[in-house]
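Coordinate-derived values only; no laboratory data. Source: prediction; values computed, not measured. A quick note on method: Cβ atoms are made from the backbone with ideal geometry, for glycine too, and the neighbour counts reach across all protein chains shown.
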Amino acid sequence: MTWRPTPGEPARPTAEVTNLPLAAVRGLAQTNWTLAQWQQLFPVYAEQGSVLADVELPPMVGDYRVIAGTLRFTPRFPAEPGVRYRAVFRAARLPGVTDAPEAFLSATFQVPANSTERTTVVEQIHPATAVLPENLLKFYIQFSAPMSRGHIYDYIQLRDKTGAAVELPFLEINEELWNPAMTRLTLFLDPGRIKRGVRPLEETGPSLVVGGTYTLVIDPAWQDATGTPLRTGFERTFRVVPPDRTPPDPAAWKLTAPPVGTRQPLRVTFDEPLDHAILQRVLRIIDPAEAPVAGTGELSEEDRTWSFTPTQPWRAGEHHLHVPTAIEDLAGNNIGKPFDVDLSVPPAGTDPSTNARVILPFLVQ
């Protein structure tokens, strides 16, 4: 008798008895046994670590089959890591067999326990600046490994300078905003406490107050995708300044062009820190032949600078940086459109309803 792994399902092994007498195989093939009758012949148990407990333990539920002379048990549910399972075969209870001894065979199997070593950490929280506007829209929490989904707000607190928790500062929604890899969480502050003229702001006040100092606290009990808590907690402390209601202005950005024939980066310096995740996704460079330039972009200086390194050396001529107007600053203001709109005042700058993007030229020579 032995345990065998199931292909593609390492936590659902099968227990097998081979070399059965031909008469026994024929007898088993002709039976119409109930589960309880199969369990009298070939029970499988999850051991509890105590002889007294094991005696009273009911057999596991599963599927019994006779295939090519082999009696096979497949458990209905996956094995639990760290638990030892024992299969027992009582040959004397085979149908059609009268001379089998009362002795039994047994074999054990155990899925390795999950590692208890804590390895996952919070790598960074964006924005990473020490000064943030009162109408900050969101944080990004970046982890070193995939995290578990569910109950995220149990592990996140916003505290004021006295250490007291800010009451309900976040937009708590059921649909958690993870990236596909489950390594980055988007955490919105409640927009109702940001936008002027809405009830939550008028009745409760803003989550962040100008002049205050706050700390975003991540609890180390938060579990990663393996069920293991974080190696350590994380804190980001920042000071709050007046709200930012001015949209980003690409005309104020500084582009430092690279030399022709090199792979030195194009360097773009923004007029203010911008949204970390959106910037990484949407900026594009077009070459003189109007073809996209392949390469890698990298943010630095607390998201105030974007550097783009091409895969191939730069060609001579005028290139263009395509900037979608959907780009946001830290307060959620788009290019040409503030997040908190005063309808009595026409928006300044580019109108995103008529321009999907802003194009900034730079010369490579």
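Let me know the whole percent of all Cα-Cα pairs from region 122-241 that are separated by more than 25 Å. List each step's numbers first, then the result.
Numbers: 1571 of 7140 pairs.
Counting pairs separated by more than 25 Å, the tail of P(r) holds 22 percent.
Equivalent ellipsoid of region 250-364: semi-axes from √(5λ) of the C-alpha gyration tensor, largest first, are 27, 15, 11 Å. When shorter helices are ignored and each DSSP H run of at least 4 residues is given -39500 (n - 2.57), the per-residue value for the chain at 222 nm works out to -2500 deg cm²/dmol.
Of the peptides 124-132, 159-167, 38-46, the ranking by mean beta-carbon count within 10 Å, highest at the top, reads 38-46, 124-132, 159-167. Dipole size of the chain about its Cα centre, with +1 on Lys/Arg Cβ and -1 on Asp/Glu Cβ: approximately 1120 debye, rounded to the nearest 20. Of all the options Asp275, Asp154, Asp63, the one that moves most in a Gaussian network model of the chain with Cα springs shorter than 10 angstrom is Asp63. Modelled this way, with points 7 Å down the Cα-to-C-beta line, the labels at Leu177 and Val210 are 2.5 nm from one another. For region 272-304, GluC sites (Glu not before Pro) are listed when DSSP marks them as loop and at most 16 other Cβ atoms sit within 10 Å of their Cβ; the list is Glu290, Glu301, Glu302.
Contact order, relative form, for the chain: 12 percent (alpha carbon pairs under 8 Å, 6 or more residues apart, mean separation divided by residue count). A straight Cα-to-Cα reach below 25 Å connects Lys195 with the lysines Lys138, Lys161, Lys337, residues fewer than 8 places away in its own chain not being considered.
Hey, what's the Kirkwood Rh for the chain if you take every pair of different alpha carbons, in angstrom? About 26.2 Å for the chain. When both bridge partners sit in region 122-241, DSSP labels roughly 90% of those beta bridges antiparallel.
Considering only beta bridges that DSSP places wholly inside the chain, some 95 percent are antiparallel.
Each of Trp306, Ala257, Phe339 was scored by the projection of its Cα onto the charge dipole of region 250-364, and the greatest displacement toward the positive side belongs to Ala257; charges sit on the C-beta of Lys, Arg, Asp and Glu. Highest mobility in the GNM of the chain, judged by mean-square fluctuation with C-alpha springs under 10 Å and restricted to Leu187, Leu208, Leu177, is found for Leu177.
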